[in-house]
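First up is the structure itself, then whatever we jot down about it.
The values are calculated or read from the model by the stated rules, or taken from the named source; none is laboratory data. Just so we're clear, the structure is a prediction, and the values are computed from it rather than from any experiment. Note that each Cβ is placed from the backbone with ideal geometry, even for glycine, and that neighbours are counted across all protein chains shown.
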Amino acid sequence: MTDQDRVNREQNEISVLQVWNEQAKIGRWKPHKSLLPDAVQAIRQTIREGWDYDAIKGAIRNFAFVLSDNRFYFKYSGWSLSQFLSRGKKDDKGKRWLWFHPEYFSEEKWYTNQIKQQITLKRETDLSREKRLNSRPALNLVPNAPAAKSISEPISEPISEPKEMPAIKFGFRDAGQREIDEYKQQMRRVQMLKAMKNG
């Protein structure tokens, strides 16, 4: 290793410490005053295993994010930087820092049961609403009136004028509002059919 390589390695290790200390306030853990030998050893071991410095920094940020958000159940902030990178060597759960690795990190993994239930309920509600909307029949403004499939489709159905407008006498409507509305709809449909047929 050249002198320049050593300088670059030290700078990268210091940058990891800086990120750890920057995130300490968010994650509510105790920052380090300096880069201790056990932290240096843990960082170098992680790099030897094929990971890079950016992955370590990203994992630290995700770790702080989980600790700071009430949606997540994981709240242990007692690890040092060395413990964060090396913990989990001897069990089947894998190294703890990899849980927070940017490529593997998933927010849903850390949700409390209450948040998981809320998300599940919302998804089920949205799915149910979507099914109801998709199962509704198409709206037909004029009952029993077939709709043309396209504007260019020839109109084969006979065009018949609707019955007379429901009577209105002496300022009082002898017919109900519904009948009047139906008449207006029928008139609009007749005009549309005539325009399509003539066009």
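For ASN21, the requirement of being at pLDDT 95 or above, more than 15 Å from GLN83 (Cα to Cα) and not β-branched (Val, Ile, Thr) is not met. Regarding LEU67, is this residue touching a residue at least 60 places away in the same chain (Cβ under 8 Å) and of a type in the set (A, V, I, L, M, F, W, C)? No; evaluated as a whole, the condition is false for this residue.
For the condition of a type outside the set (D, E, K, R) and either more than 33 Å from the chain's Cα centre (by Cα) or loosely packed, with under 11 Cβ neighbours inside 10 Å (or both), what is the one hit in VAL19, VAL66, VAL40? Don't jump to the end; show me each part of the working.
Values: VAL19 fails: either more than 33 Å from the chain's Cα centre (by Cα) or loosely packed, with under 11 Cβ neighbours inside 10 Å (or both); VAL66 fails: either more than 33 Å from the chain's Cα centre (by Cα) or loosely packed, with under 11 Cβ neighbours inside 10 Å (or both).
Answer to the selection: VAL40.
Among the residues examined, PHE84 qualifies as more than 28 Å from the chain's Cα centre (by Cα) and in a helix (DSSP H, G or I).
Only one of these is at pLDDT 85 or above and either among the basic types (Lys, Arg) or exposed (fewer than 10 other Cβ atoms within 10 Å of the Cβ) (or both): LYS194, LYS90, LYS169, LYS95. Name it.
None of the others qualify; the one that does is LYS95.
Checking each residue in segment 43-53 for being surrounded by 13 or more Cβ atoms within 10 Å (Cβ to Cβ) and within 24 Å of LEU67 (Cα to Cα) picks out ILE43, THR46, TRP51, TYR53. Listed residues VAL19, VAL40; which is of a type outside the set (Gly, Ala, Ser), assigned to a helix (DSSP H, G or I), more than 18 Å from GLY78 (Cα to Cα) and in contact with a helix residue (DSSP H, G or I) (Cβ under 7 Å, 6 or more places away or on another chain)? None of the others qualify; the one that does is VAL40.
Say we look at segment 51-63 and pick out the residues that are over 23 Å from the mean Cα position of the chain (by Cα) and of a type outside the set (Phe, Trp, Tyr); which of these is farthest from TYR111 (Cα to Cα)?
Step one: list which residues in segment 51-63 are over 23 Å from the mean Cα position of the chain (by Cα), which gives 51-57, 60.
Okay, now just the ones that are also of a type outside the set (Phe, Trp, Tyr), so 52, 54-57, 60.
Values: ASP52: 28, ASP54: 25, ALA55: 22, ILE56: 22, LYS57: 22, ILE60: 18 Å.
Across segment 51-63, the extreme among qualifying residues is ASP52.
Of everything listed in (1) among the hydrophobic types (A, V, I, L, M, F, W, C); (2) more than 30 Å from ASN113 (Cβ to Cβ); (3) under 32 Å from the mean Cα position of the chain (by Cα); (4) not in a helix (DSSP H, G or I), the single unmet condition for PHE74 is (2).
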